[in-house]
Structures are given as C-alpha cells and as structure tokens.
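Student: One structure is given below, represented as structure tokens, and several questions about it will come after.
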Amino acid sequence: MYDENNIFAKILRGEIPCDKIYEDDNVLFFYDINPLAKVHVLGIPKVKCKDFSEFVKKTNPEKITNFFKKTEMIINRLEIADSGYRIISNSGHDGGQEVPHFHIHILGGEKITNFFKLDLK
Ligand code: 5GP
C-alpha cells in the first residue's frame, strides 16, 4: 500500500521544496537534504510505488527504461561519469529504507569507502 503522505509524495506535489536538478513528466532528480558524499542526488519516478520491486512489477517497461536513461543523463550532468559513482536503492526494513516512495541514491564526487547507512537499525 502506497503512503500518499510520504515526504517524496509531498515533494512531487510541491508541498515541500527541494533543490531540484531535473524534472519532467515522468521523473524528478534533486539533492539529498542530508548528503553522505560530496555528490548525493536522489532520483524518483513519478509513480506510486513504494520500492524497487513495486516499481518493476507495476510500471510499464518504457517508463522503467526512461527512468534509468534519465539517471544516466543526470550522472553525466553531474560530471561524475568518469570519476565513478555508486547507485543505491534501499528497500524495506532490512534495506534501511526511510521514505516509502521508490528512489535511487546517486553518490559520487569522492571515493565512497564505506557501506551506505549500514548502521541503521
Ligand atoms: P532512504 O533511507 O529511504 O533510502 O533514503 C531517504 C533519503 O531521503 C535520505 O537520504 C534522506 O536524507 C532524504 N530525505 C529525507 N527527507 C528529505 C527531504 O525533505 N528533502 C530531501 N531533499 N531529502 C530528504
């Protein structure tokens, strides 16, 4: 069940501001409010899916492809394609997911040495 009041749903409705990098009819990319690397960007598709599994199961293939094509475009725009980056998607309790709207983290701009949020309970 998708929670209409999760923070990213509110950002998509314009009820909460964000530091936007790119938006179109299908996707939104913006900076994480609590960056864990020099570059820490969040990418969300404009679909009511709580996690990766729902996104893949419920979304049409063109939209899924488009989301990842746009992600690659953003990586180029951030100029981290050559230096490298890490893409993460936390799902559910064990994955340490805080916001139940499917999203990816793009981390880069420096060497990512640690596991991501491994300390979350
Ligand atoms: P998760 O743990 O669900 O994978 O990641 C959620 C991410 O959303 C966290 O990295 C957190 O810092 C970020 N976040 C939470 N609330 C906000 C917000 O209001 N604005 C932005 N830009 N990021 C947020």
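Student: Could you run through region 55-70 and say how many residues are surrounded by 13 or more Cβ atoms within 10 Å (Cβ to Cβ) and either in a loop (DSSP other than H, G, I, E, B) or small (Gly, Ala, Ser) (or both)?
Tutor: Number of matching residues: 1.
Student: Pull up region 32-54, narrow it to residues that are within 15 Å of Thr71 (Cβ to Cβ) and within 8 Å of the ligand (Cβ to nearest atom), then point me to the one that is surrounded by the most Cβ atoms within 10 Å (Cβ to Cβ). Can you show your working first?
Tutor: As a first pass, look at region 32-54 and keep what is within 15 Å of Thr71 (Cβ to Cβ): 32, 39-47, 52.
Narrowing further to those that are within 8 Å of the ligand (Cβ to nearest atom): 32, 40, 42.
On the way: Asp32: 17, His40: 16, Leu42: 20.
Result: Leu42.
Student: Still on this structure, please answer the following. Go through Leu118, Leu107 for me and flag whichever is within 13 Å of the ligand (Cβ to nearest atom), at pLDDT 95 or above and among the aliphatic types (A, V, I, L, M).
Tutor: Every option except Leu107 fails the conditions.
Student: Restricting to region 28-54, name every residue that is part of a loop (DSSP other than H, G, I, E, B) and among the β-branched types (Val, Ile, Thr). Give the steps one after another, and end with the answer.
Tutor: Here is the first cut: in region 28-54, the ones part of a loop (DSSP other than H, G, I, E, B) are 32-38, 46-51.
If the condition is that a residue be part of a loop (DSSP other than H, G, I, E, B) and among the β-branched types (Val, Ile, Thr), then Ile33, Val47 are the ones that fit.
Student: Collect the residues in region 22-31 that are open to solvent by 30 Å² or more (accessible area, probe 1.4 Å) and in contact with a Pro (Cβ under 7 Å, 6 or more places away or on another chain), keeping them in residue-number order. Break it down into steps so the answer makes sense when it comes.
Tutor: First pass over region 22-31, keeping only residues open to solvent by 30 Å² or more (accessible area, probe 1.4 Å): 22-26, 31.
Within region 22-31, just Asn26 meets the criteria.
Student: Further question on the same structure: When both residues are 6+ apart or on different chains and their Cβ atoms are under 6 Å apart, which pairs have a first residue that lies in region 70-90 and is more than 16 Å from the ligand (Cβ to nearest atom), and a second that is assigned to a helix (DSSP H, G or I) and of a type in the set (Ser, Thr, Tyr)?
Tutor: Partner pairs satisfying both residue conditions: none exist.
Student: Ok, one more. Restricting attention to region 71-104, which residues are open to solvent by less than 40 Å² (accessible area, probe 1.4 Å), assigned to a helix (DSSP H, G or I) and not aliphatic (A, V, I, L, M)?
Tutor: Hits for region 71-104 are Thr71, Gly92, Gly95.
Student: Okay, moving on. If you take the residues in region 1-24 that are over 16 Å from Val99 (Cβ atoms) and not charged (D, E, K, R), which one is nearest to the ligand (Cβ to nearest atom)?
Tutor: Filtering first and then ranking leaves Ile21.
The values are calculated or read from the model by the stated rules, or taken from the named source; none is laboratory data. Fair warning: this is a prediction, and the values are worked out from it, not measured in the lab. All Cβ positions, glycine included, derive from the backbone under ideal geometry; neighbour counts span all protein chains shown. The protein model used for the area step is the full one, side chains on, heavy atoms only, and it has no ligands, DNA or RNA in it. Shrake-Rupley method; radii C 1.70, N 1.55, O 1.52, S 1.80 Å.
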